Amino acid sequence: MRKVLVVLLGLLLVLDLSAQGRKKKKNKKEDEEPITQTLPLLKDPPPAIAAETARLSFRVSPLSAKGLLSQQVRDALKALSQNDRGATIVKLRAFVAGTGDLRRVQQIVSEVFTDRKVPLPALSTIQVGALPMEGAQVVLESTAMERRPVNPNGLAFFAGQQAKDAGQAVAQLKVAVNAAGVKPASVLRATCFLSSLENVQAARTAVSGAFPEAVTDYLQLQRIGLEPLAECEAVGRLESPPPSPVALVNPPGLTANPNFSQIALVNAPKLVISGTQMVFREQDSDIRLAFERLQKALEPLDVSYKNLFWTSFYPLTRPMADKVRAVRFDFLDHARPPASTFLLFEGLPSIDATAAFEVIAAVPN
């Protein structure tokens, strides 16, 4: 009997030690911190991208008042993709109204294009005063590359034509279109920047009457327009090739300005289209630094500032606009000034940004 008790006590001791061991292991496992799952970092859009001139097409997303900025950006991208017919978007220009965080545009564009497993386009995001629909916070202009050539003779880029009202601006744009030999029905996209949306219907009527096939965009530049202003720019399909891969033209009937050309006729095989390069702070050295950064972004694509034929400038104040005007020809070719739109806007994606600009250049043969 005594031996049996000793054996039983030994078994109980072994079982107790085993249970304690399992408990320690369990507690150790419970004390371990769970592995943190990290999402992959979103890619930044490329600072510039190359595309074939003959295959470029242009679209504008429909306005929507549904939801906040994030939803509207996603809906706009969805609408553009539903109508792309297999084209590849190479550039997006986003005009944002309201108080939404402009940085969300880049985040959502990166998310959507990454999910689709397609290359990111170059991107410009600019804040405007208002869009012509109550509750609308964003409109996207896209430049896409079609599967087949659609512009066999090239494209004409028309600098913004400025007047006190949209009717006069469109009349001047018609002069430029006629001088370029572009048919009214071959104007592909027209964008009108307005100081106020009170007369936006008159602008729509003028543009649709002049260029019936163009996709259109209408924007109020700033929340408070100090003086009546309308400026309309456009791009159209050439009926015949220009005399050189890039021809900068200032036709009779339009005011000649030594700082920009009225029309760029382009039949170079390839273009390089940039996103916006922002200027931070307000010194001349800050502006030069922005030009130098964009120049470095263009070099891997075999273009430089001497190959530019288009510039868009987005300063936020008049003093900053004057400084950009004074500095830009330290980099651009004053003997061959590109076609351009240069207007004051409401804001940019960084609170430290004071201006931004983007360019289009022709890749030399």
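The values are calculated or read from the model by the stated rules, or taken from the named source; none is laboratory data. This is a predicted model, so every value here is computed, not measured. Virtual Cβ from ideal backbone geometry, glycine too; neighbours counted across all protein chains shown. Ligands, DNA and RNA are excluded from the accessible area calculation, which covers all protein heavy atoms including side chains. Shrake-Rupley method; radii C 1.70, N 1.55, O 1.52, S 1.80 Å.
Scanning region 137-155 for residues that are assigned to a loop (DSSP other than H, G, I, E, B) and open to solvent by 10 Å² or more (accessible area, probe 1.4 Å) yields a total of 8.
Per-residue answers, yes or no, for (1) open to solvent by less than 50 Å² (accessible area, probe 1.4 Å); (2) over 24 Å from residue 57 (Cβ atoms); (3) touching an Asp or Glu at 6+ places or on another chain (Cβ under 7 Å):
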residue	(1), (2), (3)
188	yes, no, no
200	yes, yes, no
204	no, no, no
207	yes, no, no
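Counting the residues of region 115-133 that are modelled with pLDDT under 95 and either within 12 Å of the chain's Cα centre (by Cα) or in a helix (DSSP H, G or I) (or both) gives 1. Taking region 339-352 as the range and being over 16 Å from residue 192 (Cα atoms) and open to solvent by 10 Å² or more (accessible area, probe 1.4 Å) as the test, the residues that pass are 348, 349, 350, 351, 352. For residue 302, state whether it is among the acidic types (Asp, Glu), touching a residue at least 60 places away in the same chain (Cβ under 8 Å) and either open to solvent by 10 Å² or more (accessible area, probe 1.4 Å) or under 20 Å from residue 231 (Cα atoms) (or both). Yes; evaluated as a whole, the condition is true for this residue.
Per-residue answers, yes or no, for (1) of a type in the set (Asp, Glu); (2) in contact with a Ser or Thr (Cβ under 9 Å, 6 or more places away or on another chain):
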| site | (1), (2) |
| --- | --- |
| 292 | yes, no |
| 312 | no, yes |
| 354 | no, yes |
| 358 | yes, yes |
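Note on region 86-103: among residues that are out of contact with any strand residue (DSSP E or B) (no Cβ under 9 Å at 6 or more places or on another chain) and not acidic (Asp, Glu), the one that is most open to solvent (accessible area, probe 1.4 Å) is 99. Taking every residue in region 316-337 that is under 13 Å from residue 258 (Cα atoms) and open to solvent by less than 40 Å² (accessible area, probe 1.4 Å) and pairing it with any residue that is of a type in the set (Lys, Arg) and assigned to a loop (DSSP other than H, G, I, E, B), at least 6 positions away or on another chain, yields no pair with a Cβ-Cβ distance below 7 Å.
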